[in-house]
Amino acid sequence: MSEEYTTNAHDLAEAAKLQAQLEQDSNATNNSPSPSAQHQYRIPSVSIDSGAYKYVLITALPPNNSHNNKPEVFVHSKRGAQYHRNVAEPLIPILKQSGYTDIRIKGGGRILRCDDDHIIKIFGYSYGFGQADHALAKDVVEKSGKFVGYAVSWSNDGY
């Protein structure tokens with residue numbers, strides 16, 4: 001069983017700082033890709049580590065407005081993440097460097113991925129980012145094609 005971490009004032013402050021930075025970046029760039037966006041490659045919409053870990057739901061406008069102002073949605077979990085911000089922090093610079101704009105952390109929760117039983121359960125919430133739209137996360141996971149044959153479910157219960 002993984003060690004549990006309790007959200008504290010420091011983590012809440014860091015999550016708020018990350019959200020504020022994304023808001024500032026969004027307002028400053030006016031949704032234009034950064035001139036330093038050197039690497040424009042496809043970021044996987046879904047990355048779920050096997051086991052039960054924290055996840056975040058992130059939206060971002062793709063490079064060159066390739067979806068007509070419709071954001072892409074990302075569902076990422078990370079083994080060993082103490083807090084939800086630890087899941088978001090590595091993904092955000094990759095999105096920025098790839099030309100994504102208007103990056104927003106829409107919430108978090110937990111994802112249980114059990115490969116033996118072919119199930120994925122999405123549930124819970126993030127103290128730092130709020131509860132993600134688990135139904136949307138489920139839809140993104142199913143449409144990704146990465147987990148064909150898995151039963152994907154969601155619930156607003158649990159932490």
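The values are calculated or read from the model by the stated rules, or taken from the named source; none is laboratory data. What you are looking at is a predicted structure, and each value in this text was computed from that prediction instead of being measured. Heads up, the Cβs are rebuilt from the backbone with ideal geometry, glycines too, and the neighbour counts pull from every protein chain shown. What goes into the accessible areas is simple: the full protein's heavy atoms, side chains included, and nothing from ligands, DNA or RNA. Shrake-Rupley method; radii C 1.70, N 1.55, O 1.52, S 1.80 Å.
Under a 5 Å amide H cut-off, with hydrogens placed 1.01 Å from N, residue 110 pairs with 55, 123, 124, 125 among residues at least 5 apart or on other chains. Heavy-atom accessible area with a 1.4 Å probe sorts 123, 74, largest first, into 123, 74.
The alpha-carbon of residue 121 sits under 28 angstrom from the alpha-carbons of these lysines, leaving out residues fewer than 8 places away in its chain: 54, 70, 78, 106, 138, 143, 146.
Antiparallel versus total DSSP beta bridges in the range 107-156: what percent is that, nearest 5? Working shown, then result.
Numbers: 6 of 11 bridges.
Restricted to the range 107-156, the bridges split so that about 55 percent are antiparallel.
For the range 38-159, place one equal point scatterer on every Cα, skip the solvent, and apply the Debye formula. What is log10 of I(q)/I(0) at q = 0.11, 0.20 Å⁻¹? Ignoring solvent entirely, the Cα scatterers give -0.34, -1.08. The dipole here belongs to the range 80-159: it is taken about the Cα centre, uses +1 on the Cβ of Lys and Arg and -1 on the Cβ of Asp and Glu, and is about 240 debye.
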